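Working notes, beginning with the structure itself.
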Amino acid sequence: MFFQECESLANSEPLLKKTITQIDNVLKGIGPSSVLDSEIIAQKIGEKESIIEGVFLKLSEAGLLNKEKYILCPKCGNLMKYEDFETAKNKEDEFCCSICEYNLMQEKKLEIVIRYRLKARSVTMTEPMQIRSFPEPNFEIRLPERYRTNPFQYMGLLNYYSNQFAETGQFGPFAGKRFYFILHFLGDFVPFIEAMKRMGLDVRNCVFFYKEYPYPQREAIKNWLEEQDAIVKPVREVENYVKQLATSELKEKNILILEDGGFIVPLVHRHYPQLIPYTLGAVEQTSRGEWNTKEWLKESNENQLGFPVVSVAGSKLKSEFEPKYIGEAAVKNLERMIPNISFSGRNAVVFGFGSIGEQVADWLRKKGTIVKIFEINDDKKLIASEKGYEITETPISAVRDAFLVIGASGRQSIDSSVISGLSHGCYVASASSEQYEIDIEELIKRKLNEQILQNDNKEIIGTTFELQSPPQGKKINLLANGFPVNFWGFESMPEQASDLILSLILLSATEIALGKVTDNNIDSDIVNKIAEEYEVSKKYLEMHK
């Protein structure tokens with residue numbers, strides 16, 4: 001759930017878990033100024049008002065909600081704070097309704113009602129920040145010297161476009177800007193930051209958040225940034241720093257967000273809207289990030305965001321160019337992790353036949369694997385069928401007799417029902433972001449034993465769970481501990497491929513910094529226009545023949 005207080009209450013009141021989950025969904029889409037009426041919420045989610053009132057009371061006792069008394073205007077139904085009425089009464093002043101201006105002091109008896117409001121404070125979120133911790137493989141690969149001496153050796157596009165703005169020096173588009181980064185700590189991040197520095201970026205004026213993936217060079221990149229006096233923190237500390245920024249004295253509209261996964265943008269809109277006037281915009285590079293932001297729009301009933309969000313994820317070049325590299329990296333990493341098992345002739349299932357799932361399935365098929373697909377979207381099912389894949393009607397039938405199950409839907413696909421149907425000894429992996437795809441907590445709840453999973457080379461490749469039921473003693477191998485398998489100890493893509501994607505992010509950030517993006521919506525079409533204006537495809541072909 002989004003709020004820790006809701007999750008704790010649901011655990012202590014399991015019979016009310018569904019209702020509490022629905023309330024949690026309502027609360028995460030509102031701000032502290034919204035007054036909560038238990039009758040209206042009860043009608044909205046189809047529950048008894050008395051139950052909603054009871055949940056609200058417990059959440060107020062837990063410190064999430066304020067319980068407040070209001071006076072109800074008998075003429076128009078407007079709510080006014082009871083303490084304001086009491087103050088006026090003690091002073092023998094008039095107390096008029098703020099809407100219809102009716103003097104409530106004329107009434108002998110007024111209706112007092114109880115309402116609740118979300119406390120105006122930082123709250124502890126359990127989604128999407130929660131990361132299940134496992135023993136890390138500790139790759140700790142040193143940063144190659146060429147990143148320091150010749151960072152653009154294989155990144156010609158970044159070199160080309162950053163040079164366009166290098167002549168402006170300290171007056172470049174990123175000069176004086178305050179950046180918040182959540183991007184992958186892979187080797188290609190070094191030339192990306194060097195390109196931004198050419199364009200005026202001061203890393204001392206930035207906060208770099210790293211995901212706790214087992215990136216091969218995570219510590220090396222962290223150290224490289226800290227050597228330059230940058231602030232570097234794990235992504236679980238995002239809210240602390242956003243809160244700190246929200247309480248500081250801001251004078252300029254100079255904040256830019258570059259993120260992977262929709263962490264900061266929804267957080268700002270939900271809980272720290274005071275930052276919106278000082279934020280130029282954001283660049284999002286994943287579909288998951290788009291979904292997280294769109295979820296806020298849906299829940300809040302807002303028509304637009306407070307600032308522009310440029311979605312590289314939805315751009316034509318990224319969606320058509322990148323997936324084949326991710327699919328290849330995922331399958332090659334799977335082969336590296338379990339080299340003693342031949343993929344040829346074995347059954348595998350891929351959940352989700354989007355751009356990544358399709359490529360994963362295609363690469364598995366090249367290895368001789370018999371691939372089944374589970375997909376809920378009819379258009380994608382049609383494409384998979386036309387490519388000759390067997391389409392399964394239910395998740396349970398999909399995983400039956402499969403030695404390998406891969407989630408690539410971008411949402412939780414391997415849930416408790418799927419876990420019940422997994423074959424003894426099967427391998428489960430994710431090809432999408434974070435640890436969303438697999439219900440790891442369900443594995444933990446069912447486990448009899450848990451042990452580190454290693455391959456023949458004694459590399460840590462995940463965790464084996466021996467489950468209690470059903471049936472007792474069944475072993476499930478969770479590869480990469482539920483993290484994207486393509487990142488496990490390897491760069492996800494060749495640098496020449498990431499050069500194009502990072503250049504799109506760079507140019508999108510440039511357009512925002514220059515004030516050229518003004519539409520406060522999630523926009524991917526603008527990336528297509530940027531790619532055309534800067535001739536990205538043409539330049540890529542010239543530099544990476």
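The values are calculated or read from the model by the stated rules, or taken from the named source; none is laboratory data. Here the structure is a predicted model, which means the values were calculated and not measured. Don't worry about glycine lacking a Cβ; one is built from the backbone with ideal geometry, like all the others, and counts go over all protein chains shown. For the accessible areas, the whole protein counts, side chains as well, though only heavy atoms, and no ligand, DNA or RNA atoms are used. Shrake-Rupley method; radii C 1.70, N 1.55, O 1.52, S 1.80 Å.
Observations on the structure shown:
- Those helices (runs of 4 or more DSSP H) of segment 1-78 in which 1 or more residues are modelled with pLDDT under 85 and farther than 27 Å from Glu239 by Cα occupy 38-45.
- Among (1) over 27 Å from Ala246 (Cα atoms); (2) surrounded by 15 or more Cβ atoms within 10 Å (Cβ to Cβ); (3) at pLDDT below 65 - the single one Glu136 does not satisfy: (2)
- The sole residue among Ala408, Ala402, Ala509, Ala513 that is under 30 Å from His544 (Cα atoms), in contact with a Lys or Arg (Cβ under 8 Å, 6 or more places away or on another chain) and modelled with pLDDT of 90 or more is Ala513.
- So Lys17, is it open to solvent by less than 50 Å² (accessible area, probe 1.4 Å) and basic (Lys, Arg): no
- Single match in Ile476, Ile512, Ile526 (criterion: in contact with a strand residue (DSSP E or B) (Cβ under 8 Å, 6 or more places away or on another chain) and open to solvent by 20 Å² or more (accessible area, probe 1.4 Å)): Ile526
- Residue match in segment 225-235 (condition: out of contact with any Leu (no Cβ under 8 Å at 6 or more places or on another chain) and more than 19 Å from Ile193 (Cβ to Cβ)): no
- There is no residue in segment 168-188 that is assigned to a helix (DSSP H, G or I), touching a residue at least 60 places away in the same chain (Cβ under 8 Å) and surrounded by 19 or more Cβ atoms within 10 Å (Cβ to Cβ).
- From Leu256, Leu297, residue being within 23 Å of Lys318 (Cβ to Cβ), touching a Lys or Arg at 6+ places or on another chain (Cβ under 6 Å) and crowded, with 17+ Cβ neighbours inside 10 Å: Leu256
- The residue that is farthest from the chain's Cα centre (by Cα), among those in segment 59-73 that are over 14 Å from Ile114 (Cβ atoms) and buried (at least 16 other Cβ atoms within 10 Å of the Cβ), is Cys73.
- Inspection of segment 334-350 finds no residue satisfying the criterion of being open to solvent by 10 Å² or more (accessible area, probe 1.4 Å), over 19 Å from Cys426 (Cβ atoms), in contact with an Asp or Glu (Cβ under 8 Å, 6 or more places away or on another chain) and not acidic (Asp, Glu).
- With a requirement of 3 or more residues that are buried (at least 22 other Cβ atoms within 10 Å of the Cβ), the strands (runs of 3 or more DSSP E) lying completely within segment 388-460 that satisfy it span 404-407, 427-430.
- Single residue of Lys387, Lys324 found to be within 28 Å of the chain's Cα centre (by Cα) and either at pLDDT 95 or above or farther than 17 Å from Leu479 by Cα (or both): Lys324
- Residue in segment 353-376 that is more than 27 Å from the chain's Cα centre (by Cα), closer than 18 Å to Ile438 by Cα and in contact (Cβ under 8 Å) with a residue 40 or more places away in the chain present: no
- Residue match in segment 481-494 (condition: touching a strand residue (DSSP E or B) at 6+ places or on another chain (Cβ under 7 Å), open to solvent by less than 20 Å² (accessible area, probe 1.4 Å), among the small types (Gly, Ala, Ser) and farther than 17 Å from Gln285 by Cα): yes
- Any hit, segment 374-384, residues being open to solvent by less than 10 Å² (accessible area, probe 1.4 Å) and farther than 15 Å from Ala429 by Cα: yes
- Any chance Glu320 is assigned to a helix (DSSP H, G or I) and more than 19 Å from Val527 (Cβ to Cβ): no
- Here Val371 does not fit the description of being open to solvent by less than 70 Å² (accessible area, probe 1.4 Å), farther than 20 Å from Ser423 by Cα, touching a helix residue (DSSP H, G or I) at 6+ places or on another chain (Cβ under 8 Å) and among the aliphatic types (A, V, I, L, M).
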